[in-house]
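Trainee: Mind having a look at this structure? Questions to follow.
The values are calculated or read from the model by the stated rules, or taken from the named source; none is laboratory data. Please read all numbers here as calculations on a predicted model, not as lab measurements. All Cβ positions, glycine included, derive from the backbone under ideal geometry; neighbour counts span all protein chains shown. These accessible areas exclude ligands, DNA and RNA; they are computed on the full protein's heavy atoms, side chains included. Shrake-Rupley method; radii C 1.70, N 1.55, O 1.52, S 1.80 Å.
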Amino acid sequence: MRNLIRVALLTGFGIGSTLVGGGAGTASADNITCFIHAIEPWKTDHNSIAPINFGFKVHCTGKPALRNVTTKLWRYDPKDGKQYVHSERNDNTTDPDVETLYSASCSSAGILYQFHTEAIVNAFNGNWDREPDNSSTIAAIC
């Protein structure tokens, strides 16, 4: 009886059609959801001056009218305990499925740092969606 009253109340407020007719989480054709994956950085060689690669993969439901992915390669310096943006790139295409790789330079200093990739997607198609992701951390000489 209690559930019947609840359904009647929800239906009276226009909510019952969502609960009964298809379930929550069903997106309309104009809405967009994007899933982002920050790609773990890796060195192209073992020497100090070898570049370090990083990037992202994104999948969006439908084609976004606007999309921006900001990808940052973070460097942690154990000497001072601080994180620095080693490299930052932006991708403004509207492709719904993209994998993009970038390369950042390293110096001959030969210092062991910790690196990770941060990727944030902002997309619009009837609604805004924002999703962040961070890769796992690697140690590399740079």
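Trainee: Against the conditions (1) free of Cβ contacts under 8 Å to residues at least 40 places away in the same chain; (2) open to solvent by 40 Å² or more (accessible area, probe 1.4 Å); (3) in a strand (DSSP E or B), where does Y113 fall short? Just the number, please.
Mentor: (2)
Trainee: Separate question: In the range 49-66, what residues are hydroxyl-bearing (S, T, Y) and at pLDDT 95 or above?
Mentor: If we filter the range 49-66 for residues that are hydroxyl-bearing (S, T, Y), which is where we start, we get 61.
Correct list: empty.
Trainee: Then there's this: Can you name the residue in the range 56-102 that is polar (S, T, N, Q) and part of a strand (DSSP E or B) and is also farthest from the chain's Cα centre (by Cα) among such residues?
Mentor: Kept after step one, since they are polar (S, T, N, Q), are these residues of the range 56-102: 61, 68, 70-71, 83, 87, 90, 92-94, 100.
Okay, now just the ones that are also part of a strand (DSSP E or B), so 68, 70-71, 83, 87, 90, 100.
Details: N68: 10, T70: 8, T71: 8, Q83: 19, S87: 16, N90: 12, T100: 12 Å.
Going through the qualifying residues, I end up with Q83.
Trainee: Next question. Quick one: how many residues across the range 120-142 are open to solvent by less than 50 Å² (accessible area, probe 1.4 Å) and closer than 26 Å to H46 by Cβ?
Mentor: Matching residues across the range 120-142 total 4.
Trainee: Restricting to the range 98-110, name every residue that is open to solvent by 90 Å² or more (accessible area, probe 1.4 Å) and under 12 Å from F56 (Cβ atoms).
Mentor: E99, L101
Trainee: Out of the range 104-129, which residues are of a type in the set (D, E) and modelled with pLDDT under 95? Break it down stepwise before answering.
Mentor: Start the filter on the range 104-129 by keeping residues that are of a type in the set (D, E), which leaves 118, 129.
Residue satisfying the conditions is D129 alone.
Trainee: Let me ask something additional. Among the listed residues V69, V85, which satisfies the condition of being β-branched (V, I, T), modelled with pLDDT of 95 or more and open to solvent by less than 30 Å² (accessible area, probe 1.4 Å)? Can you show your working first?
Mentor: On the way: V85 fails: open to solvent by less than 30 Å² (accessible area, probe 1.4 Å).
Result: V69 is the single residue among V69, V85 that is β-branched (V, I, T), modelled with pLDDT of 95 or more and open to solvent by less than 30 Å² (accessible area, probe 1.4 Å).
Trainee: Taking N53 and the conditions (1) within 16 Å of T137 (Cβ to Cβ); (2) of a type outside the set (G, A, S); (3) open to solvent by 50 Å² or more (accessible area, probe 1.4 Å), which numbered condition does it fall short on, given that it satisfies the others?
Mentor: Failing condition for N53: (3).
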